[in-house]
Amino acid sequence: MEPDGSAREFDVAVIGGGPGGSSAATALARRGRRVLLLERDRFPRFHIGESQLPWINGVLEALGVHEAVAKAGFVEKWGASFWEIDGTPAAYVDFSAAVETPVPRTYQVERAAFDEMLLGHAERSGVSVRQGHRAVDAAFDADGVNLRFAGPDGAEHRARVGVVVDASGRAGFLARRIGGYETDPMLRHVAVHAQYEGIPRPSGRPAGDIRVLTRPDVGWIWLIPLSDTVTSVGAVVPQALHRRQSKPTAEESLEHYLCETPAAPALLRTARRVSPARFDADYSYIARTMAGDRWVAVGDSAAFLDPIFSTGVLLAMQGGLEAAEAIDAGFRAGDLSAGRFALYERRVRRRYRFFRRFVVGFYDPYFRRLLFRRSRWFGIYEAVLSALAGNWRPTLGTRLRIQLFFTVIAVKRLFRIAPAGDAAWRRTE
């Protein structure tokens, strides 16, 4: 029953079955809520965003799916390597050195398998999952929400629910309609990506780590191992450059960007592309409104941040957990108003800003220089690694060390201090 006693079929409808939506749905079902999840596609389906961060382990534990993920055979990831503009190795980020990181190991996941696993877990947790069903409209009133959705055959259905979770990704079923999005003027990039075989890897534990190759135009290349043989390869370049240099097809554009990245040709000499190339644009944005009376936005519907530090799935799933907590508390309090969800929205925005500072920093040569030099003074390096491992709630001591890191960058920028003889650094000035 609604807080006022009126009937409904479901407590919550979740629009979208990606990591954010399945996390919110699972967490609500495990709290005893009746949940309807509508997913317009049929899983498994392709999605980008394979590289994860160690702090996702806690989210998987909270959902009760960590053991299944650990046994799924995904490639283990313990860190990341960064390469200089001139094609030489620059730094290795080892998550085992990150403070406040309980488990430094994470995974490189094939999203088709990973997302299907999460959605299946949601269904086993009691969520009514309907794949191939597309949300059409949501009409809000004081007592609930009348939801219309279409099935695979186009036939329309209706459901009465108490709350709607918009986890529809960039489509923004509610978030786009109600407030729209603000794109980040400092992170206007385009990505083009595909999967390859035949790319050599390091031996031992680093074999599963992501490799990031820096480009002269402040763009970058990712190489993410997805299996023993397959590697995800993507190029992220400024939109302005892409408008000038893009080729007729995604495959040709990717090949062009790889060829003009100094470190890439040697690494891809024996590579063979085994999937179509795809484009992604508008890599960084945030919703003007993430919550209102009887609705919240989760995951990419709320915000998405440039993937240089692989924060996407963690942000989506953590947001899903927090949205579920806020909704469940709202039901118990008999209050499902926008005010009840204000704390949730503040947390999402605060976490976005926290990681955005590092993402924007990567495109600043002063940031990269300090990160690549691995200064051990005052534990700064270990504190920064903690954030790069996904620690969005550092202790006071770690926050102070991170602030010192950015203060040093500001001083170096003010006085234009660069390491002597650093030609690669000077080309990014």
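The values are calculated or read from the model by the stated rules, or taken from the named source; none is laboratory data. Keep in mind that this is a model prediction, so the values were computed, not measured. No Cβ is skipped: glycine too gets one built from the backbone with ideal geometry, and neighbour counts run over all protein chains shown. Note: areas computed on protein heavy atoms with side chains; ligands, DNA, RNA excluded. Shrake-Rupley method; radii C 1.70, N 1.55, O 1.52, S 1.80 Å.
If you place +1 on the Cβ of every Lys and Arg and -1 on the Cβ of every Asp and Glu, how big does the dipole about the Cα centre of the chain come out, in debye to the nearest 20? If you can, show how the numbers build up before the last one.
Working: 58 positive and 48 negative charges, 233 e Å.
Charge dipole of the chain: 1120 debye, to the nearest 20.
Rounded, prolate or oblate, given the Cα gyration tensor of the stretch 92-188, with a/c below 1.5 counting as rounded?
On the way: a/c = 2.34, a/b = 1.63, b/c = 1.44.
Judged from the Cα gyration tensor, the stretch 92-188 comes out prolate (a/c at least 1.5, a/b above b/c).
Return the distance in nm (one decimal) between the two label points of a simple spin-label model at ARG158 and CYS259, each offset 7 Å from Cα along Cα→Cβ.
5.9 nm
In what sequence, highest mean first, do 294-306, 217-229, 132-144 appear when ranked by Cβ atoms within 10 angstrom?
Details: 294-306: 28.4, 217-229: 19.5, 132-144: 15.8.
The most tightly packed comes first, giving 294-306, 217-229, 132-144.
Quick one: Karplus J couplings for the stretch 331-342, per residue in order, coefficients 6.51, -1.76, 1.60, θ = phi - 60°, nearest Hz, x for Gly and Pro?
Per-residue couplings from phi come out as 4, 5, 8, x, 9, 10, 7, 4, x, 5, 9, 5 Hz.
Along each principal axis of its Cα atoms, how long is the chain end to end? Whole angstroms, biggest number first, please.
Ordered largest first, the chain gives principal extents of 73, 47, 42 Å.
Residue by residue through the stretch 221-238, which ³J(HN,Hα) values in whole Hz follow from phi under the Karplus form 6.51 cos²θ - 1.76 cosθ + 1.60 (θ = phi - 60°), with glycine and proline marked x?
So the Karplus estimates, Gly and Pro as x, are 10, 10, 10, 10, x, 9, 7, 5, 10, 9, 10, 7, 10, x, 10, 10, 9, x Hz.
I'd like the carbon and sulfur percentage of the solvent accessible area for the stretch 30-173, probe radius 1.4 Å, heavy atoms only, ligands and nucleic acids excluded.
The C+S portion of the solvent-accessible surface of the stretch 30-173 is 48 percent.
If you line up the Cα atoms of the stretch 1-129 on their principal axes, what length do they span on each, largest first, in Å?
That works out to 65, 32, 27 Å along the principal axes.
Mind listing the Cα extents of the stretch 303-347 along all three principal axes, in Å, largest one first?
41, 15, 10
Which aspartates and glutamates does LYS71 reach when only Cα atoms under 18 Å apart count, and residues fewer than 8 places away in its own chain are ignored?
Correct list for LYS71: GLU50, GLU61, GLU110, ASP115, GLU116, ASP228.
Suppose every Lys and Arg Cβ carries +1 and every Asp and Glu Cβ carries -1, with no other charges. What dipole size does the stretch 247-399 come out with about its Cα centre, to the nearest 20 debye? Let's see the in-between values first.
Values: 24 positive and 16 negative charges, 140 e Å.
That gives a dipole near 680 debye.
May I ask which residue of ALA302, GLN245, LEU314 lies farthest towards the positive end of the charge dipole of the stretch 222-316, with charges of +1 (Lys, Arg) and -1 (Asp, Glu) on Cβ and the Cα centre as origin?
GLN245
What residues qualify as long-range amide H neighbours of VAL136, i.e. H under 5 Å apart, gap of 5 or more or another chain, H built at 1.01 Å from N?
Residues meeting the criterion, in which the H sits 1.01 Å from N, are ARG148, PHE149, ALA150.
What list of ³J(HN,Hα) values in whole Hz, one per residue of the stretch 313-326 in order, does the Karplus curve 6.51 cos²θ - 1.76 cosθ + 1.60 (θ = phi - 60°) give from phi, with Gly and Pro shown as x?
Each residue of the stretch 313-326 in turn: 5, 4, 4, 5, 6, 5, x, x, 4, 5, 5, 4, 4, 5 Hz.
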